[in-house]
DNA sequence: GAATTGTCACCAG
DNA sequence: CTGGTGACAATTC
């Protein structure tokens with residue numbers, strides 16, 4: 001029996017986004033870069049699967065995702081159906097334990113995983129199909145600057161800015 | 001900020 | 001194993 005991938009589009013302050021689900025859970029969360037392109041990419045990613053639009057069925061999911069984007073500390077508790085190599089899944093799992101508002105360098109993150117190279121971690125992170133819920137945006141360069149993001153550097157900066165605002169630290173920031 | 005170089009584990013064949 | 005590849009890191013201008 002053919003696998004069915006359901007998807008739907010939502011809107012947030014970061015722009016449009018698309019969620020896609022298999023029977024097991026979330027398989028993709030894409031931040032708007034053209035509906036046709038994203039939907040096409042979905043079919044390429046799941047050859048042989050039936051990719052169908054289910055806007056109304058996923059309305060609850062869309063609502064949760066929207067809230068996560070607006071409020072980084074909100075936990076949607078959605079099941080993730082992560083597909084990739086064993087190494088990629090390990091990296092994505094590690095990403096999800098990073099605390100809100102924290103950032104880590106690729107090198108430091110690599111060290112947490114083992115003795116692997118920073119360059120290697122980037123490949124796995126860059127292959128992450130699930131934006132925001134797998135907080136790949138919390139990994140930045142050692143320099144502190146942001147060099148790349150699959151869904152646009154501007155969105156990455158925006159997400160980080162929100163998380164830092166949402167950070168529970170009592171410190172009063174003097175930045176302006 | 002943009003360009004350059006060193007480096008190495010992973011992935012595909 | 002061989003070959004190709006990077007959302008790096010550190011340096012330079």
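Placing one equal scatterer on every Cα of segment A:7-117 and applying the Debye formula, the log10 ratio I(q)/I(0) at q = 0.13, 0.15, 0.18 Å⁻¹ is -0.59, -0.77, -1.05. Counting neighbouring Cβ atoms within 10 Å and putting the fewest first, the residues A:130, A:89 line up as A:89, A:130. Seen against the Cα atoms of chain A and their longest principal axis, helix A:153-166 is set at about 60 degrees. Seen against the Cα atoms of chain A and their longest principal axis, helix A:86-95 is set at about 60 degrees. Taking other C-beta atoms within 10 angstrom as a stand-in for reagent exposure, A:9, A:92 fall in the order A:9, A:92, fewest first. When the Cα atoms of segment A:68-132 are aligned to their principal axes, the ranges along those axes come out at 33, 25, 15 Å in descending order.
Taking the DSSP bridge list for segment A:4-70 and keeping only pairs wholly inside it, about 75 percent are antiparallel. Over segment A:4-70, the Kirkwood radius and the radius of gyration, each from Cα atoms, give a ratio Rg/Rh of 0.94.
In terms of other Cβ atoms within 10 Å, A:46, A:17 run from fewest to most in the order A:46, A:17.
For the options A:119, A:35, A:67, a Gaussian network treatment of chain A with springs between C-alpha atoms closer than 10 Å singles out A:119 as fluctuating the most.
Readers should treat all values here as calculations from the given coordinates under stated rules, not as data from a laboratory. Here the structure is a predicted model, which means the values were calculated and not measured. All Cβ positions, even for glycine, are placed from backbone atoms using ideal geometry, and neighbour counts span all protein chains on display.
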